[in-house]
Structures are given as structure tokens and as C-alpha cells.
Amino acid sequence: MAKAHEDKRPVAERIAANLRELIMSGEWEPGWKIPKTDALIEEHGASNVTIQRALNILKAEGLLEGKAGSGVFVRERAPQTIQPASFMAPSDPGQPYRWVTEATKRSQRGGNRIVEVGETIPPKRVRAILGLPDRGTAVLRSRIGILDDEPAELVDSFYPADLAVGTRLADRRKIPGGSPTLLAEMGYPPREQEDEISARPATTHEFVHLELPADIPVIEVFRVVYSDDRRPIEVTTLVKPAHLFKMGYHLPVH
């Protein structure tokens, strides 16, 4: 009989993981005062020192905050559920990129900060999708999505060079209405979107640009956007802090 797998993480990390799930699931609501230390000690069978270490892990992540003389509280902002499909369609005429309009619907301020734009050799899996040779190039637009003046996502989008060179896709300036609008205007309307989602530790590049408060995982969305005849027109790697966001999908049943 196979030996049962054991959780050999330090006790404080285990407790922090269990409390984190309560916060992310909404069981512990935003602004809620968490149980007193004595109650947590009894529930988890741990010492006061271990409980404080667990709480400090969650405070460092920004999930909990201590208020002098009042106790420890769940952060006021609940984890947000992002609907990826809502950003696929071109913006309405005269309207900004849907990242901005969707943020406005949630009573937030949305924006983008350009990190890098230029022609480059993309990663292997991007080359395979775009049908590029080993040293083939594509146009990269790297940017940071901003919500309420804080980094919310790091986005690297690759476009076929023969489609993008000489257009605003290869220009460091922001694109009115965003890339879906520009692609549609160029005769390549987005028709389909495929997402592959994974979770992993952040790279140093991601840790710095997303200003992560601690060693927390990130959500990676690897996305391919197709136009007519299933031509791939955009391949994107989108990375979001896992302690702030959830990915939501609405899929009709046929």
C-alpha cells in the first residue's frame, strides 16, 4: 500500500495556506475581523508564535491588516474575478480600450504602461503558433495593466511581423481602442480566442514589474487570438498576481 502523502511545509505556512483559502473564497469577507489569537491557537493546535508567523505571512501579502487596538482584519478589497472574453471584442467607436471601460464598470481607474515595443525572436511555442522558423521574428508589445494606480497584470503580446511592422502595433505609443480595434480596422477582426491557464511562482521580471509584496504565485494565461480562416493574429502571455485575481468563464452548454 502506498504511503500517504504528507504536508511537510512549516506549520505556519500550512496555517497561512488554510487561512488564505478562506479569504480568497470569500468565507472571510473583506473588512471582516478575524478570530482572536486564542481561537486560532485552539483551532489549529499551534503555539502563539506559530499563529503570529502565519498571520504575518498573510499581512506581507496584503491579505490581512492589523489595526492597533482593534485586531486583525481581512483587506477591504475582495479578490476580483476577471472575465477574459470581455476584452476580446474591438471597442465601440470612439471608446477606449476595453480594459479601461471594464474597469470603469467596477468603479476602478484602468490604464496601461508600455514596457517594451519592437521586433524580436519570440519564444519557441509562440514561433510554432505563428509558423515562424527558428530565428523568425514577431512584433512584441509588452505592457503593464494598471488598476487604481497599481500594477494588475503584465502582458506580452506577439504579432506576425508581416502584419504588424509599419503599423501602430509596432509603435510605442498607446493604441486608441486597443489592439483588437486596430486589428479589426486592418482587416483582421478577432473571431476566436483560446486560453491556457496555469499557476506558478513569479519570475524576477514579473516580481519587479507587478510589485509583488511577497513570494506569491501568479496566474499565467497563454492566449491565442484568431481571425478569419483561423489565422493567428495575436499570441499573448498574461500574468496576474494570484492573491488579487481570479479568472472567470461563462461557457454555454450545447
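Here are the numbers for the structure shown:
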read-out	value
Carbon/sulfur fraction of accessible area - region 120-184, other protein chains in place, 1.4 Å, %	51 percent
Long-range tail of P(r) for region 16-130 (Cα pairs > 26 Å, %)	48 percent
Cα-based equivalent ellipsoid of region 79-164: semi-axis lengths in Å, sorted from largest, via gyration tensor	28, 14, 12
Fluctuation leader among Ile23, Ile197, Ile41 - the chain, Gaussian network, Cα springs under 10 angstrom	Ile41
Size of region 83-229 as Cα extents on the principal axes (Å, biggest first)	39, 38, 26
Cα centroid separation - region 193-254 against region 96-166, whole Å	12 Å
The chain pair-distance distribution - Cα-Cα, 10 Å bins, rounded %	6, 26, 29, 19, 13, 6, 1
Exceeding the 32 Å Cα-Cα cut-off - candidates Lys36/Lys105; Lys105/Lys174; Lys33/Lys105; Lys33/Lys174	Lys36/Lys105; Lys33/Lys174
Shape category assigned to region 1-69 from the gyration tensor of Cα positions, a/c cut at 1.5	prolate
Diffusion coefficient, µm² s⁻¹, Stokes-Einstein with Kirkwood Rh over alpha-carbon pairs of region 164-218 at 25 °C and 0.890 mPa s	172 µm²/s
Assigned charges on the beta-carbon of Lys, Arg, Asp, Glu; region 16-72 dipole about Cα centre (debye)	220 debye
Charge dipole (region 24-161, unit charges on Cβ, about Cα centre) - positive-most of Asn112, Tyr159, Leu132	Leu132
In range of the label at Asp228: residues from region 169-189 whose backbone nitrogen is under 17 Å from the point 7 Å along Cα→Cβ	181-189
Helix-only mean residue ellipticity at 222 nm for the chain, each DSSP H run of n ≥ 4 adding -39500 (n - 2.57), per residue, nearest 500	-7500 deg cm²/dmol
Gaussian network model of the chain, Cα within-10 Å springs - most flexible of Ala164, Ala242, Ala39	Ala39
Global form of region 166-254, assessed from the alpha-carbon gyration tensor, a/c cut-off 1.5	oblate
Cα-based shape type of region 213-254, given that a ≥ b ≥ c are square roots of the gyration tensor eigenvalues and the cut on a/c is 1.5	oblate
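The values are calculated or read from the model by the stated rules, or taken from the named source; none is laboratory data. Because the structure is a prediction, the values reported are computed rather than measured. Every residue, glycine among them, receives a Cβ derived from its backbone with ideal geometry; neighbour counts consider all protein chains shown. Note: areas computed on protein heavy atoms with side chains; ligands, DNA, RNA excluded. Shrake-Rupley method; radii C 1.70, N 1.55, O 1.52, S 1.80 Å.
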